[in-house]
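Here is the structure we will look at, set down as structure tokens.
Coordinate-derived values only; no laboratory data. If you're wondering where the values come from, they're calculated on a predicted model, not measured in any experiment. FYI the Cβ positions are ideal-geometry reconstructions off the backbone, even for glycines, and counts take in every protein chain you see.
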């Protein structure tokens, strides 16, 4: 029964991904490959600038993540955490299961040099800060769209509902941390009471509670690191807006930074919906075409924008794949060497006795 359910879920995900690829091909044929090629030529070396900007964004995210640790991380190099950040992004591109697996890989590949609870809490805080600042950017961009653009009644309704939902999420999250609501541990206990998850969660409750305490402690006692991490995550979203502005500028579209903010705000909504599609192929590019027309830019420029951002993403995901191979090998080597080191130390202690 379980096996058939897994096979059905995999078949559905494969079908969605296939439909996304069909949509992408249809967009290219509908707009015209020659028009897209002309837009790509107008971008030219600007694509290299966008790829470099993406690298700066990843470095900034890494620094923001390192600030969320409560323990001493001097034994973990910046290069390793940078690589793990790219690994997480690479695995996370495969929809919602990929995002969960990517964050799990970050914790696992940090190794035993750090306490598990500290690793879990830092990864959770890092992801949470990015999501919260993303929601803040989305609310700001949607409000700007409601004020600046002549949207239809349907678009205004959807945009208002989405912005209101995000605003409520931000307020509830702030209250939860201020009141120290044990949301994670309570949810884990509720899930652990179910027969299917009891064995899986057995022994993990203490780690979850310790992780939750670390999160509350960080947000209330490490104010400087808290605001610094939030600021750096906000800066990453600023770089994403700058990326949109630069690409549209190279293509001759004079939308300004406010137009880029609006487009990036709605793009984040597309990414949420597209998380059901592994890789977000087709749905991402199609969404960019719709949003470009919404702010007065041609569909060809919107599709080219999506393709350029996809190229930047694939470049850094390829680097993330190389990091995954390298870090996995080094982690396995460390785990193989540790019992040997322990046995040598034990033998020396016995000789001394």
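How do 126, 38, 72 line up, fewest other C-beta atoms within 10 Å first?
Numbers: 126 24, 38 13, 72 10.
The most exposed by this proxy come first: 72, 38, 126.
Extension gain residue 257-residue 140, at 0.36 nm per residue separation less the Cα-Cα distance, in nm? Before the final figure, lay out each step's value.
Working: separation 117, 0.36 × 117 = 42.12 nm, distance 1.28 nm.
Roughly 40.8 nm would be gained on extension.
For the residue pair residue 59 and residue 228, what label-to-label distance in nm results when each label sits 7 Å from Cα along the Cα-to-beta-carbon direction?
Modelled inter-label distance: 1.7 nm.
Checking the a/c ratio against 1.5 first, then a/b against b/c, what shape does the Cα gyration tensor give for segment 28-180? Intermediate results must be reported in sequence, preceding the final value.
Details: a/c = 2.46, a/b = 1.30, b/c = 1.88.
It is oblate, given that a/c is not under 1.5 and a/b is not larger than b/c.
If I stretch the segment between residue 96 and residue 158 completely, what's the gain in nm (0.36 nm per residue apart, minus their alpha carbon distance), one decimal? Each step should come with its number before you reach the end.
On the way: separation 62, 0.36 × 62 = 22.32 nm, distance 2.32 nm.
Residue separation times 0.36 nm, minus the Cα-Cα distance, leaves 20.0 nm.
Can you put 262, 22, 116 in order of Cβ neighbours within 10 angstrom, beginning with the fewest? If you can, show how the numbers build up before the last one.
Values: 262 28, 22 12, 116 15.
If I rank by nearby Cβ atoms, fewest first, I get 22, 116, 262.
If you count, for each residue, the other Cβ atoms within 10 Å and average over each peptide, how do 44-56, 297-309, 138-150 line up from highest to lowest?
Details: 44-56: 14.8, 297-309: 23.5, 138-150: 17.5.
Highest-to-lowest ranking by the protection proxy: 297-309, 138-150, 44-56.
What distance in nm separates the two pseudo spin-label positions at residue 41 and residue 220, each 7 Å out from Cα along the beta-carbon direction?
Distance between label points: 6.3 nm.
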